[in-house]
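*Asks:* I'd like to ask you about the structure that follows.
The values are calculated or read from the model by the stated rules, or taken from the named source; none is laboratory data. These numbers come from a predicted model, not from an experiment. Every residue, glycine as well, gets a Cβ built from its backbone with ideal geometry; the counts of neighbours run over all protein chains shown.
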Amino acid sequence: MAKQLGFYFDASACMGCKTCQVACKDKNNLPVGMNWRRVVQYGGSNWVKQGNFMTPSNTFVYSMSFACNHCDQPLCVDACPTGAMFKRADGVVLVNQDQCVGCRYCEWTCPYGGPQFDEAKGVMTKCNFCEDLLAQGQNPACVEACVMRAIEFGDIAELRAKYGSVNAIEPLPLANITKPNLVITPHRHAQASGKGTGKILDLVQEV
C-alpha cells in the first residue's frame, strides 16, 4: 500500500512568527491575499467582577499553522465536477489547472480553506506539498523554514506513532469531516475543536 503523506505541527513550540507562511508564499510566488499555509493566533479570556470593575481572567493565546491536510476524505475532490481536483497515490491532493473551470466548489466545501482561487488565471490553486522539492529529496518550504522546527512531514502512520493521534484543536474544524492527515502536539492552553471559548485574533491575512 502506498504511504500517505501528512504534516506534523507542534503548537507548543510555535511562536507565531509566520516564517512558514512567508516561505510558502515566496516559494510559490503567490499574489497578495493568497496564502496556501496560514498562521493564526487563537485566544480568549473570561471576565470576572472584582468590586466595581470587570477584569480579564484565564487569558490564553496560542498559534496555529495549517495548510491543506491532504485528507483521507477530501471534500474538495468529491465536489469537483471536472475531476481537476484529485488525490495522488502518495495521498497528496493536487489540482490539474488544465481541467479546472474555476467554479470554486472545492473552495466552498473545504473546511480548512485549502483550495484558493487565482483571480488572474481563473483557476484554483492549493498546497501541492512542494512536490518539486520532494522529487529532489528536499523538505517542503514550510518545514525547512520553521525556526522552531515545529513543522514536520512524512508518512502519517510514522508521524502518529511518534507524536500521537491528536489532529484537531481550535480553531480547526472537527477532524471527522474530512479525516485530515495531520498530527498536532497541542499547546498547553489548546482547546479541543468544537469546544473553543476563544476566537481568531488576527483575521487580516493580506500578505
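*Asks:* Exactly one condition in (1) in contact with a helix residue (DSSP H, G or I) (Cβ under 9 Å, 6 or more places away or on another chain); (2) outside any loop (DSSP other than H, G, I, E, B) is false for Ser57; which is it?
*Replies:* Answer for Ser57: the failing condition is (1).
*Asks:* Quick one: in the range 185-204, of everything that is among the β-branched types (Val, Ile, Thr) and touching a strand residue (DSSP E or B) at 6+ places or on another chain (Cβ under 9 Å), which residue is modelled with the lowest pLDDT?
*Replies:* Thr197
Yes/no matrix, rows are residues, columns are (1) crowded, with 21+ Cβ neighbours inside 10 Å; (2) within 16 Å of the chain's Cα centre (by Cα); (3) farther than 19 Å from His187 by Cα:
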{"residue": "Gln4", "(1), (2), (3)": "no, no, yes"}
{"residue": "Tyr8", "(1), (2), (3)": "yes, yes, no"}
{"residue": "Cys20", "(1), (2), (3)": "yes, yes, no"}
{"residue": "Lys27", "(1), (2), (3)": "no, no, yes"}
{"residue": "Gln41", "(1), (2), (3)": "no, yes, no"}
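*Asks:* So which residues in the range 105-123 are of a type in the set (Val, Ile, Thr) and outside any helix (DSSP H, G or I), if there are any at all?
*Replies:* Selection gives Val123 alone.
*Asks:* Here's a follow-up. Restricting to the range 124-165, what's the tally of residues that are outside any helix (DSSP H, G or I) and crowded, with 18+ Cβ neighbours inside 10 Å?
*Replies:* Residues that pass the stated criteria total 13.
*Asks:* Name the pairs whose Cβ atoms lie under 6 Å apart, with the first residue in the range 168-188 and surrounded by fewer than 19 Cβ atoms within 10 Å (Cβ to Cβ), the second assigned to a loop (DSSP other than H, G, I, E, B) and among the acidic types (Asp, Glu), and 6 or more positions between them or separate chains?
*Replies:* Pairs found: Lys179/Asp72.
*Asks:* From the list Cys76, Cys71, Cys100, which residue is buried (at least 16 other Cβ atoms within 10 Å of the Cβ) and either of a type in the set (Phe, Trp, Tyr) or not in a loop (DSSP other than H, G, I, E, B) (or both)?
*Replies:* Only one candidate passes the filter, namely Cys76.
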